[in-house]
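These notes are about the structure you will find just below.
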């Protein structure tokens, strides 16, 4: 594992990241947005980085506050925190037009970032995207007793199959996240090319989430690829191959749009 660089933000955050500049004559840049409690050392992030380097694309991966090697406490962070981190990386590290690739929660951050940086974002690649998950996949799945604990004590520990340590659900995360919901609005005001990958055997984030994005987003160039055997992680060799191929096709579309502009 190579040592990351660090972005010192005005708000005091110290964000760990890895950034590869594009090859000479190449303008494509890709920014990977991790999922909830995930980090930039995950299988998809590393595989996409290797693919982008081979293709000559620029590539950036980073850890949100409270994740991986970045500063901050997880329980004190929320969707707004992590969106702000992504925007900081876009503004101060990438500093160029970019394609966003968001995994799970990163798919939600991806949509919000595209809304905030319309001139910078050229395309979106969602991987098991989970917009608004804090309500339907978190709060709504809790028992009445668990909901009462969150409301009264401010936090709840819930076991997860992905890590030895439980997931901590905080009241402030649930309350703040509502400010960033996208699926409860008439539309998602994003008009760049969008590609959405989702496994039909995803038991964590149902593939209907990607279908909902397709219905809401204003873009006229949206493609949803439902993988019959895919789970939530989409990290098998065959999944990664599809992911990289999808990215290459999206890059081609984005470059064609740029040339025509």
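The values are calculated or read from the model by the stated rules, or taken from the named source; none is laboratory data. Model, not experiment: these values are computed from the prediction. Backbone-built Cβ (ideal geometry, glycine too); neighbour counts: all protein chains shown.
Set side by side, the residues 180, 198 differ, and just one is under 16 Å from the mean Cα position of the chain (by Cα), under 19 Å from residue 117 (Cβ atoms) and at pLDDT 95 or above, which is 180. Can you pull out the residues in the range 231-240 that are within 19 Å of the chain's Cα centre (by Cα) and free of Cβ contacts under 8 Å to residues at least 60 places away in the same chain? Scanning the range 231-240 gives 231, 236, 239.
So that you can scan it fast, the table gives a plain yes or no per residue for (1) in a strand (DSSP E or B); (2) in contact (Cβ under 8 Å) with a residue 12 or more places away in the chain; (3) surrounded by fewer than 14 Cβ atoms within 10 Å (Cβ to Cβ):
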residue: 195; (1), (2), (3): yes, yes, no
residue: 206; (1), (2), (3): no, no, no
residue: 226; (1), (2), (3): yes, yes, no
residue: 250; (1), (2), (3): no, yes, no
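Report yes if some residue within the range 76-88 is touching a helix residue (DSSP H, G or I) at 6+ places or on another chain (Cβ under 9 Å), over 27 Å from residue 212 (Cα atoms) and in a helix (DSSP H, G or I); otherwise report no. Checked the range 76-88: at least one residue is touching a helix residue (DSSP H, G or I) at 6+ places or on another chain (Cβ under 9 Å), over 27 Å from residue 212 (Cα atoms) and in a helix (DSSP H, G or I).
If the condition is being in contact with a helix residue (DSSP H, G or I) (Cβ under 9 Å, 6 or more places away or on another chain), surrounded by 11 or more Cβ atoms within 10 Å (Cβ to Cβ) and not in a loop (DSSP other than H, G, I, E, B), then the range 139-160 contributes 139, 147, 150, 151, 155, 156, 158. Confirm whether residue 34 is touching a residue at least 12 places away in the same chain (Cβ under 8 Å), under 13 Å from the mean Cα position of the chain (by Cα) and closer than 15 Å to residue 99 by Cα. It is true that residue 34 is touching a residue at least 12 places away in the same chain (Cβ under 8 Å), under 13 Å from the mean Cα position of the chain (by Cα) and closer than 15 Å to residue 99 by Cα. Within the range 239-246, is there a residue that is part of a loop (DSSP other than H, G, I, E, B), surrounded by 15 or more Cβ atoms within 10 Å (Cβ to Cβ) and at pLDDT 95 or above? No, because not a single residue in the range 239-246 is part of a loop (DSSP other than H, G, I, E, B), surrounded by 15 or more Cβ atoms within 10 Å (Cβ to Cβ) and at pLDDT 95 or above.
Among the residues making up the range 57-75, those that are over 26 Å from residue 25 (Cα atoms) and touching a residue at least 24 places away in the same chain (Cβ under 8 Å) are 63, 64, 65, 67, 68, 69, 70, 71, 72, 74, 75.
Just need a number here: residues in the range 113-138 that are part of a helix (DSSP H, G or I), touching a residue at least 24 places away in the same chain (Cβ under 8 Å) and touching a helix residue (DSSP H, G or I) at 6+ places or on another chain (Cβ under 9 Å). Residues that pass the stated criteria total 7.
Listed here are the residues, each with its yes/no results for (1) surrounded by fewer than 16 Cβ atoms within 10 Å (Cβ to Cβ); (2) part of a helix (DSSP H, G or I); (3) touching a helix residue (DSSP H, G or I) at 6+ places or on another chain (Cβ under 6 Å).
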residue: 198; (1), (2), (3): no, no, yes
residue: 202; (1), (2), (3): no, no, no
residue: 253; (1), (2), (3): no, yes, no
residue: 258; (1), (2), (3): yes, yes, no
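Of these, 65, 61, 14, which one is touching a helix residue (DSSP H, G or I) at 6+ places or on another chain (Cβ under 7 Å) and more than 22 Å from residue 248 (Cα to Cα)? So the residue among 65, 61, 14 that is touching a helix residue (DSSP H, G or I) at 6+ places or on another chain (Cβ under 7 Å) and more than 22 Å from residue 248 (Cα to Cα) is 65. Scanning the range 37-66 for residues that are under 14 Å from the mean Cα position of the chain (by Cα), closer than 20 Å to residue 95 by Cβ and part of a loop (DSSP other than H, G, I, E, B) yields 40, 63, 64. Looking across the range 162-192 at every residue that is out of contact with any helix residue (DSSP H, G or I) (no Cβ under 7 Å at 6 or more places or on another chain) and assigned to a helix (DSSP H, G or I), the one that is nearest to residue 213 (Cα to Cα) is identified as 178.
Run down 23, 47, 54 and say which single residue is touching a residue at least 24 places away in the same chain (Cβ under 8 Å), surrounded by fewer than 17 Cβ atoms within 10 Å (Cβ to Cβ) and out of contact with any strand residue (DSSP E or B) (no Cβ under 8 Å at 6 or more places or on another chain). On inspection, the qualifying residue turns out to be 23.
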